[in-house]
Amino acid sequence: ALLQNQPLVPTTHKWAAIGLTVVLGFGITALTLFPISLPQPVGSGPDKAYHLIAFAGLMLPVSVLHPRALLWLIPFALIFGGAIELIQPFVNRGGEWSDFVADAVGVGGGVAIGTATRVFWKTNARRS
C-alpha cells in the first residue's frame, strides 16, 4: 500500500535509460561510419540482422524505462538510420536503403519488446 502511489521507475532510472541510449547511439555511429578492414560476411542476411539488432537495442532502454521520450526518440532514430546510410559512401562504406529498412524494423521491434516488458513489469508490480 505504501508503494502504490510511487512511479514504476524512479527518475534516476529514466535518466539512466536516456544515457544508455546515447551511449548505444555513439556505438552504432562508430560501428557504421568508421572504415572496416575485416572481411564482410557473404550475403546481406547477417548485415541486415546487425542493423535490426542495433536499432532494437537502441530503443529498448527508453521503451522500458521512459516511454514518454519515444515521442522524440522514434523520429530521431529513423533520421539517424537514414543519415548513416547517406554518410557511409563518403567513408568508404556502402550505404544501402535496405539497411535503413532493417534499422526501421529494429526501431519498431525494440519499441514493441520494450513496451511489452514495461507492461509485464507493471502487471506484476500491481499483483505484488
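For the chain, what is the accessible area per residue in Å² when the probe is 1.4 Å? Walk me through the numbers before you get to the answer.
Details: 8270 Å² over 128 residues.
Value returned for the chain: 65 Å² of accessible area per residue.
Have a look at Trp15, Trp72, Trp97 and tell me which one the Gaussian network model of the chain (Cα, springs below 10 Å) gives the largest fluctuation.
Most flexible of the set in this elastic network: Trp72.
Using only the alpha-carbon atoms of the range 44-107, report the extent along each of the three principal axes, biggest first, to the nearest angstrom.
Ordered largest first, the range 44-107 gives principal extents of 36, 22, 15 Å.
Which value, in debye to the nearest 20, gives the size of the charge dipole of the chain about its Cα centre, when Lys and Arg are +1 and Asp and Glu are -1 at the Cβ?
Working: 8 positive and 5 negative charges, 153 e Å.
Dipole about the Cα centre, nearest 20: 740 debye.
I'd like to compare 82-89, 55-62, 119-126: which one has the highest average count of other Cβ atoms within 10 Å, and what's the full order after that? Don't jump to the answer; show the numbers that get you there.
Details: 82-89: 15.5, 55-62: 23.2, 119-126: 10.8.
Per-residue Cβ counts within 10 Å, averaged per peptide and sorted highest first, yield 55-62, 82-89, 119-126.
Work out, in µm²/s and without decimals, the Stokes-Einstein translational diffusion coefficient of the chain at 37 °C, 0.692 mPa s, Rh from Kirkwood over C-alpha pairs.
Translational diffusion coefficient: 208 µm²/s.
Most mobile of Val64, Val22, Val107 per a Gaussian network model of the chain (Cα springs, under 10 Å)?
Val22
State the extension gain, in nm to one decimal, for the chain segment bounded by Thr12 and Leu71, taking 0.36 nm per residue of separation less the distance between their alpha-carbons.
Details: separation 59, 0.36 × 59 = 21.24 nm, distance 1.95 nm.
Result: 19.3 nm gained on full extension.
Can you pull the percent of the range 41-95's accessible area that's carbon plus sulfur, 1.4 Å probe, other chains left in place? Walk me through the numbers on the way to the answer.
On the way: 2230 of 2950 Å².
Its accessible area is 76 percent carbon and sulfur atoms.
The values are calculated or read from the model by the stated rules, or taken from the named source; none is laboratory data. Predicted model, so just to flag it, every value in this text is computed and none were measured. Quick reminder, even Gly has a Cβ in these numbers, built from the backbone with ideal geometry, and neighbours come from all protein chains shown. With ligands, DNA and RNA removed, areas are computed over all heavy atoms of the protein, side chains included. Shrake-Rupley method; radii C 1.70, N 1.55, O 1.52, S 1.80 Å.
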